[in-house]
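The values are calculated or read from the model by the stated rules, or taken from the named source; none is laboratory data. Fair warning: this is a prediction, and the values are worked out from it, not measured in the lab. Every residue, glycine as well, gets a Cβ built from its backbone with ideal geometry; the counts of neighbours run over all protein chains shown.
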Amino acid sequence: MQSVLILGNVTKDVYLRLDNRINNFETDQNGVKWLDLGFNGSVHNYYNRVSIYGGASISLEVLSRFGLNASISGTPATFLDGQFIAKDVHTTYRYILCQNENTSHINPSEATYTTWEAPINNPDWIYIDSSAVIAPKTATAICDYLNLSQNTKLAFFIGKGINQNANHIRELLDRASIIISDAPLEQKRDNHILISGSHIEYMGRRVFWTLDNKRDLLTRFTAHLTIGASVLGALILGKDPSEALLLARANIQNSKLSSTSNLSTLERDIADDYYRVEKSSKQGNNMLEIEAVAKQLVAPGKGILAADESGGSIHKKFESMNIPDDEQHRRDYRNIFFTTPDLEKYASGVILFDETARQVADDGKTFIDYLKDRGVISGIKVDQGLVNFENSDEKYTQGLDGLSDRLKEYYEMGARFAKWRAAFEVTDHSPSEMAIQKNCEILANYAVDCQAASIVPIVEPELVYDGDYTIEQNIEYTGKILDCLFDELKKKNVNLAGCILKVNMVLAGKRQEKQSTPEEVGRATAQVLREHVPRELAGVVFLSGGQSVTQATDNLQEVTNCGPFPWGVTFSYARALQDPALKAWQGNNDNADIARGAFRERLIANANALKANK
Ligand code: 13P
């Protein structure tokens, strides 16, 4: 068994939950609120207080749970049978203040220098973790020790805020076989593992991670310590870089306050994700482009026009108006929207169907190039429709076969984002767990393929409006679907900052007697999104789903009124933007200008609904 000697400070982390306790603040004559927490190490009987060991005890726990023989230098601390045993261990207090979704921390006492005692048995590794405060003479003593004990290797997690140019720190960096940091290194080094707020990077591999709902449980400091020790433990055990990063991510994803996982659990967890990371890491350089496009798509004040009806859907639309369903009419119909004045002012992007993406505008350019010249980004629907599960009336979305090749072609044609729709109908037996799980897995696989092709995925799980369910049921089902979807996206290492969610608003079904008011829709939708959508996501866009034209606008207005949100939020309607134009056009190009006017009016009304009016 390999041994690791940890250098770091053990802390006692006292979690103080401040929510709902605002009334206990005292207000001074300047109107500033104060809360006396009595930081004397003994009085901290505060609401919902939890206190756990932190700092170096986390490195000890993680490395021990990886099966390594770990100990903390200069202390009798051990990790035995799932317990951190800290008798006679010097600890310093940290107070973690939790308010709503945010945590911050206070160190009430001066940082103490970390103690170093040269070990009697030479360890295989010395690990200076980010809780350590290393005095120059300790650095010298460690280097002297390493000179004597030639087989001992050094790993150094240099914490944020430590001066990388101080002589003794530079000496340690030069000596280290593995360097971990949560701030960029001033000097590039190949043996460096970077932990950023959104990803972990090592040897050209990149894994995305998030604290999500654990925000009030884990501070960044604790999370970074967990990641650092996990990557190190995995590398010591001979895992390759991708596997080491995935194990670290899984450890954060599974961890609870003061409790990480055993290696065997983590290994089971990541088995299925491994090749995805290998695949996406080869494309790592395009991530910046993807994130920039995603941001542009949900730019403030603009929405996305969905004009991607498949052959079957457009046929129904035209048939209802007695419009011939041929290629020319389909082209002319789409041309109306693309040539509408001010389109680029109110629309960041347009979603096309394959046929339209290959058609040309009046000026002879492809529609994609024409839209690009107008400053509008083209996207493409890439799913190939819904099919029934075997022996079931529930459906899944097909189209993964050959998807990578198609995406490559679409990128070359100029498309920069894609859409994939999964649909869930509400009946007495659906949506079932099975249908949710399967569709979310498929959506995540699609998203991976998109990002590998430098295309922003719009993932669209739609709870179909046509049903007789209540708004409460919608809250439950949409929440469940989103939880499952984001679990799958994270498992497959999808970069959420380069991904957009397209979703139904949360409202009662169309056939439900008690219809939801716009205020109810706004509140419920905002609540579900806040509770189930990770902050890292680039944006959320809504489908109109069969709501009337004005209903879709009024409801959007009320969602906006419940903002602000951590992600961009906007509309991505098909019917609610197009229907008045279709009625005006009637298949006759003499009516094209009136149709453009009707579309422009809906665009402006919905863009206006993106500004709060209450
Ligand atoms: P609706 O706005 O008509 O629901 O269409 C949006 C869409 O793109 C569905 O996939």
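Would you pick out the residues in segment 588-613 that are of a type outside the set (A, V, I, L, M, F, W, C), within 30 Å of the chain's Cα centre (by Cα) and exposed (fewer than 15 other Cβ atoms within 10 Å of the Cβ)? It would help to see each step written out before you state the result.
Here is the first cut: in segment 588-613, the residues of a type outside the set (A, V, I, L, M, F, W, C) are 588-591, 593, 596-597, 600-602, 606, 608, 611, 613.
Checking the rest, the ones that are also within 30 Å of the chain's Cα centre (by Cα) come to 606, 608, 611, 613.
The answer is LYS611, ASN613.
Please find, within segment 202-220, the residue that is modelled with the highest pLDDT out of those that are of a type in the set (Lys, Arg) and assigned to a helix (DSSP H, G or I). Taking the candidates together, the pick is ARG220. The residues in segment 519-558 that are touching a strand residue (DSSP E or B) at 6+ places or on another chain (Cβ under 7 Å) and either free of Cβ contacts under 8 Å to residues at least 12 places away in the same chain or within 16 Å of the ligand (Cβ to nearest atom) (or both) can be counted, and the count is 7. Residues in segment 436-446 that are more than 16 Å from the ligand (Cβ to nearest atom) and buried (at least 21 other Cβ atoms within 10 Å of the Cβ): ILE436, CYS440, ALA444. Of the strands (runs of 3 or more DSSP E) lying entirely inside segment 321-427, the ones with 3 or more residues being of a type in the set (Gly, Ala, Ser) and within 16 Å of the ligand (Cβ to nearest atom) are found at 347-352, 417-424.
Here the condition is being small (Gly, Ala, Ser) and either more than 15 Å from the ligand (Cβ to nearest atom) or under 27 Å from ILE290 (Cα atoms) (or both); of ALA605, ALA581, ALA574, it holds for ALA574 alone. Being within 16 Å of the ligand (Cβ to nearest atom), closer than 30 Å to TYR411 by Cβ and within 19 Å of the chain's Cα centre (by Cα) is a condition met by at least one residue of segment 476-487.
Sort through GLY375, GLY402, GLY414 and tell me the only one that's free of Cβ contacts under 8 Å to residues at least 40 places away in the same chain and touching a helix residue (DSSP H, G or I) at 6+ places or on another chain (Cβ under 9 Å).
Values: GLY402 fails: touching a helix residue (DSSP H, G or I) at 6+ places or on another chain (Cβ under 9 Å); GLY414 fails: free of Cβ contacts under 8 Å to residues at least 40 places away in the same chain.
Criteria check complete, one pass: GLY375.
Any idea which residue in segment 294-320 is nearest to the ligand (Cβ to nearest atom), counting only those that are farther than 30 Å from ASN495 by Cα and crowded, with 17+ Cβ neighbours inside 10 Å? Only one residue tops the list, namely LYS317.
Quick one: would you say GLY587 is within 16 Å of the ligand (Cβ to nearest atom), on the phi > 0 side of the Ramachandran plot and outside any helix (DSSP H, G or I)? Walk me through how you get there before you give the answer.
Working: within 16 Å of the ligand (Cβ to nearest atom): no; on the phi > 0 side of the Ramachandran plot: yes; outside any helix (DSSP H, G or I): yes.
In short, no.
Restricting segment 488-525 to residues that are of a type in the set (D, E, K, R) and under 26 Å from LEU247 (Cα atoms) leaves a set whose member that is nearest to the chain's Cα centre (by Cα) is LYS490. Evaluating ASN555 against the criteria (1) under 25 Å from ARG330 (Cβ atoms); (2) touching a Pro at 6+ places or on another chain (Cβ under 8 Å); (3) surrounded by 21 or more Cβ atoms within 10 Å (Cβ to Cβ) leaves one unmet condition, (1). Before we move on, is GLY563 touching a residue at least 40 places away in the same chain (Cβ under 8 Å) and either away from the ligand (no atom under 13 Å from the Cβ) or in contact with a helix residue (DSSP H, G or I) (Cβ under 7 Å, 6 or more places away or on another chain) (or both)? Yes; evaluated as a whole, the condition is true for this residue. Within segment 294-320, restricting attention to residues that are among the charged types (D, E, K, R) and in a helix (DSSP H, G or I), the residue that is farthest from the chain's Cα centre (by Cα) is GLU319. Of the candidates ASP342, ASP272, ASP326, the single residue that is farther than 24 Å from TYR411 by Cα and modelled with pLDDT under 95 is ASP272. When ALA223, ALA155 are checked against the criterion of being among the small types (Gly, Ala, Ser) and assigned to a strand (DSSP E or B), ALA155 stands alone in meeting it.
A count restricted to segment 111-143 and to residues that are closer than 22 Å to ILE52 by Cβ and loosely packed, with under 13 Cβ neighbours inside 10 Å stands at 2. Here LYS510 fits the description: surrounded by fewer than 22 Cβ atoms within 10 Å (Cβ to Cβ), farther than 22 Å from PRO457 by Cα and within 16 Å of the ligand (Cβ to nearest atom).
Can you confirm whether GLY364 is surrounded by fewer than 22 Cβ atoms within 10 Å (Cβ to Cβ), free of Cβ contacts under 8 Å to residues at least 12 places away in the same chain and more than 17 Å from GLU309 (Cβ to Cβ)? Quick ask: steps written out before the conclusion?
Numbers: surrounded by fewer than 22 Cβ atoms within 10 Å (Cβ to Cβ): yes; free of Cβ contacts under 8 Å to residues at least 12 places away in the same chain: yes; more than 17 Å from GLU309 (Cβ to Cβ): yes.
Answer is yes for this residue.
Taking residues in segment 52-74 that are within 22 Å of ALA141 (Cβ to Cβ) and of a type in the set (A, V, I, L, M, F, W, C), and partners anywhere that are modelled with pLDDT of 95 or more and surrounded by fewer than 22 Cβ atoms within 10 Å (Cβ to Cβ), the pairs with Cβ atoms closer than 8 Å and at least 6 places apart or on different chains are LEU60/SER71; ALA70/SER3. Within segment 340-361, restricting attention to residues that are under 26 Å from ALA447 (Cβ atoms) and not aliphatic (A, V, I, L, M), the residue that is surrounded by the most Cβ atoms within 10 Å (Cβ to Cβ) is GLY349.
Filtering segment 434-475 to residues that are under 16 Å from the mean Cα position of the chain (by Cα) and of a type in the set (Val, Ile, Thr) leaves VAL448, VAL456, ILE458, VAL459. State whether one or more residues within segment 349-360 are in contact (Cβ under 8 Å) with a residue 40 or more places away in the chain, out of contact with any Asp or Glu (no Cβ under 6 Å at 6 or more places or on another chain) and over 23 Å from PRO457 (Cβ atoms). No, segment 349-360 contains no residue that is in contact (Cβ under 8 Å) with a residue 40 or more places away in the chain, out of contact with any Asp or Glu (no Cβ under 6 Å at 6 or more places or on another chain) and over 23 Å from PRO457 (Cβ atoms).
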